[in-house]
Amino acid sequence: MNSKKRMTSRQLQAIERRQQLLGSAKKLFAKNGYYNTSVRSITQSIGMADGLIYHYFPNGKLEILHTIIREGCEVLSEHVNKILAGIDDKMTLDEVIVYFCKEARNTFQLDNELIIIMFREKDLLGRETSELLLKTFVKIWNAVNAFLKKRAQFGEIRQLDFGMATHQLMCTVASTVIMKYLGDNKLQQHNDNTYIERLIQFTTNSWKRLD
């Protein structure tokens, strides 16, 4: 029994140390970049001996990067599922897109360091991670495309090129995220909810019936 308790304690400690390593590496990768972050700087920030990092991540720093992105993408994917589940047929087209824009912004806030790392180190993404990102993007694309087709069936918008409309909507959502994180005071007037609602209305008006 005591041996089992000690083993459980070691396992818990190993999980904690692993998470400490990932947390330290994430902060440093986001701040300094992957290539400017040494293994020593990762271990020193949590008071760990350099060699122990290879006990948890045998392939070293690159394995840590892939783990951070893979595990982070899994969390983001779950968040995307919750966003899509929150779309109700009773909501108007504009209400859905406003909701989608706001939730997209919240998604970036969910793990800002992860987003920075993914964009900066995109050339170092492993195949598994790239496929996960693509799968998440395709899931969003298909959901938006299906949503627009359903709204056309309801008569809320006219029949149109739904692939192009999906692209247009995704770009609109992305632009609201970019405006929020540029941090330029000149763009603050384009950064509030009123402006976002006007932007969305301008976009959706081109999809609605002319009669």
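A few notes on this one:
- The residue that is farthest from Ile97 (Cα to Cα), among those in the range 117-175 that are of a type in the set (Asp, Glu) and free of Cβ contacts under 8 Å to residues at least 12 places away in the same chain, is Asp123.
- Apart from one condition, Leu12 fits all of (1) within 24 Å of the chain's Cα centre (by Cα); (2) outside the structural domain of Arg151 (by TED's automatic domain parsing); (3) assigned to a helix (DSSP H, G or I); the exception is (1).
- Note on the range 60-78: among residues that are small (Gly, Ala, Ser) and under 20 Å from the mean Cα position of the chain (by Cα), the one that is surrounded by the most Cβ atoms within 10 Å (Cβ to Cβ) is Gly72.
- Scanning the range 41-59 for residues that are surrounded by 12 or more Cβ atoms within 10 Å (Cβ to Cβ) and not in a helix (DSSP H, G or I) yields a count of 4.
- Hey, Lys208 over 22 Å from Ile115 (Cα atoms), among the charged types (D, E, K, R) and at pLDDT 90 or above or not: no
The values are calculated or read from the model by the stated rules, or taken from the named source; none is laboratory data. This structure is a prediction, so every number in the text was calculated from the model and none was measured. Quick reminder, even Gly has a Cβ in these numbers, built from the backbone with ideal geometry, and neighbours come from all protein chains shown.
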